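Below: the structure, in structure tokens.
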Amino acid sequence: MSAASQFGGGITLGSTGKGYGLTEPQWVRADGRALTRAGYPRLSTKFPFGRLTGTIRTLGSTPSSYSVAASPTYFVTPLAAGNPGMQYSTDGATWSSASLSTPSASVACVIWAGARFCAVNTTTTQPFVTTGDNPNSTWTSTSGGINSVPAGLLNLLAYGSTPARIVSIGGSSGTSVYTLDNGATAWTNRTGLTSLNRRGVCWSGQKFFIVCENAAVVSSSTDGITWAESQIPEAIAASSGDIASNGAGVIVMTGAASGLWVSSDHGVTWCAVGIPTVASSTAWKVTYSGDRFFIPTAAGVAMSMDGKEWFVESQSLQARALNSGFAKKGSAIVQIQASATAYSFTESATDFCVPMLQSYGPAVSGNPVASEPVFIKAL
């Protein structure tokens, strides 16, 4: 029995302990259960995310990628490969379809770029943009941009609000990135980067950042035009790497063997971060939407406000798939995967969930056996 389980007093709120005989409400079992914020006001401050209630949704078709974007009004994700168009919803529950003008288009990545949507394609088709916040309006083909981008990368586009500009990368080798200014339909080719496979791009609020695979290098630019490269503490693995930012200085980078690398100062310094109870994976993808970062893991979606403290949503109905995308609009969250089955979630304002920290002993007949329960000091 741990010291925490022997002595209830003097233990820091939120501390964990193992052992039997601990009683509520001073201790609560860390089994993913939901608690009310009114009943545990101090403990609830350590768990900023509300309890999620998931519902299975059916899309019109299996998306050509699991990229999903959220504007002030809509969620948008692609239609099936070879079926040029978008699926869109105001609430994540009911979905409609919109066509693109080019028959051969197959969308790889879509973002909300401040005043319009922008999408790039896996086929030899130029990127598309809308004229506003309406995915059912005309999608205009642009010129001079990147085409034939790989599928499965969620952050091939980034919008910078201060330069009012989109940066597009190809997810492949070469020395070019492309920029598209607000209102424009012609991309400009920018050069000056090392010939590395670029996996993701984000806007930190001051700079664009590009993460590259199989290298300990990150590229940055204040305007998307002039780029510089700097070393990061650990190399990103081959065929790995993703990057996202909250637009206020926090950047989360995946693809390193040790886990996450996070900066809170626009890429000046970096620190290693792990997701509690989840083994690190170089295959993790990261996105930022609404007010949080999302990383799908095999244990459930991990969420964070600041990139450093992560919480795994383990009890709600969801697809526990690394290859899935999340977007948040208001209190609604959607999860898109490589299937016509999607999920929508509503977040409770009154309830929160404690983490699932059950420990297990050796397997018996192939099944792990739960050992001592884990408890959290709640009061």
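Please give the number of the condition Pro233 fails out of (1) open to solvent by 10 Å² or more (accessible area, probe 1.4 Å); (2) within 19 Å of Asn155 (Cβ to Cβ).
Exception for Pro233: condition (2).
Mind checking which residues of the range 281-308 are in contact with a Ser or Thr (Cβ under 7 Å, 6 or more places away or on another chain) and under 21 Å from Val374 (Cβ atoms)?
Those that are in contact with a Ser or Thr (Cβ under 7 Å, 6 or more places away or on another chain) and under 21 Å from Val374 (Cβ atoms): Ala299, Gly300.
Do the conditions hold for Pro135, that is, is it open to solvent by less than 20 Å² (accessible area, probe 1.4 Å), over 16 Å from Ser220 (Cα atoms) and not hydrophobic (A, V, I, L, M, F, W, C)?
When the stated conditions are applied, Pro135 passes them.
Which of the residues spanning the range 263-322 are among the charged types (D, E, K, R), crowded, with 20+ Cβ neighbours inside 10 Å and in a loop (DSSP other than H, G, I, E, B)?
Once the filter is applied, which keeps residues that are among the charged types (D, E, K, R), crowded, with 20+ Cβ neighbours inside 10 Å and in a loop (DSSP other than H, G, I, E, B), the range 263-322 yields only Lys285.
Would you point out the residue of the range 10-35, among those that are touching a residue at least 24 places away in the same chain (Cβ under 8 Å) and open to solvent by 70 Å² or more (accessible area, probe 1.4 Å), that is farthest from Phe47 (Cα to Cα)? Break it down into steps so the answer makes sense when it comes.
Residues of the range 10-35 touching a residue at least 24 places away in the same chain (Cβ under 8 Å): 11-20, 22, 24-35.
So of that shortlist, the ones also open to solvent by 70 Å² or more (accessible area, probe 1.4 Å) come out as 12, 16, 18, 20, 24, 26, 29, 33.
On the way: Thr12: 15, Thr16: 14, Lys18: 20, Tyr20: 24, Glu24: 18, Gln26: 17, Arg29: 15, Arg33: 12 Å.
Checking each candidate, the answer is Tyr20.
What single numbered condition from (1) open to solvent by less than 10 Å² (accessible area, probe 1.4 Å); (2) more than 19 Å from the chain's Cα centre (by Cα); (3) modelled with pLDDT of 95 or more fails to hold for Ser219?
(3)
Residue-by-condition table, conditions (1) among the acidic types (Asp, Glu); (2) buried (at least 23 other Cβ atoms within 10 Å of the Cβ); (3) at pLDDT 95 or above; (4) out of contact with any Cys (no Cβ under 8 Å at 6 or more places or on another chain):
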site: Ala98; (1), (2), (3), (4): no, no, no, yes
site: Ala105; (1), (2), (3), (4): no, yes, no, yes
site: Phe117; (1), (2), (3), (4): no, yes, yes, yes
site: Asn121; (1), (2), (3), (4): no, yes, no, yes
site: Thr140; (1), (2), (3), (4): no, no, no, yes
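Please give the number of the condition Thr162 fails out of (1) open to solvent by 50 Å² or more (accessible area, probe 1.4 Å); (2) out of contact with any strand residue (DSSP E or B) (no Cβ under 6 Å at 6 or more places or on another chain); (3) under 24 Å from Ile236 (Cα atoms).
(3)
The values are calculated or read from the model by the stated rules, or taken from the named source; none is laboratory data. In this text the structure is predicted, and so the values were computed from the model without any measurement. Neighbour counts run over all protein chains shown; Cβ positions are idealised from the backbone, glycine included. These area figures cover heavy atoms from the full protein model, side chains too; ligands, DNA and RNA do not enter into them. Shrake-Rupley method; radii C 1.70, N 1.55, O 1.52, S 1.80 Å.
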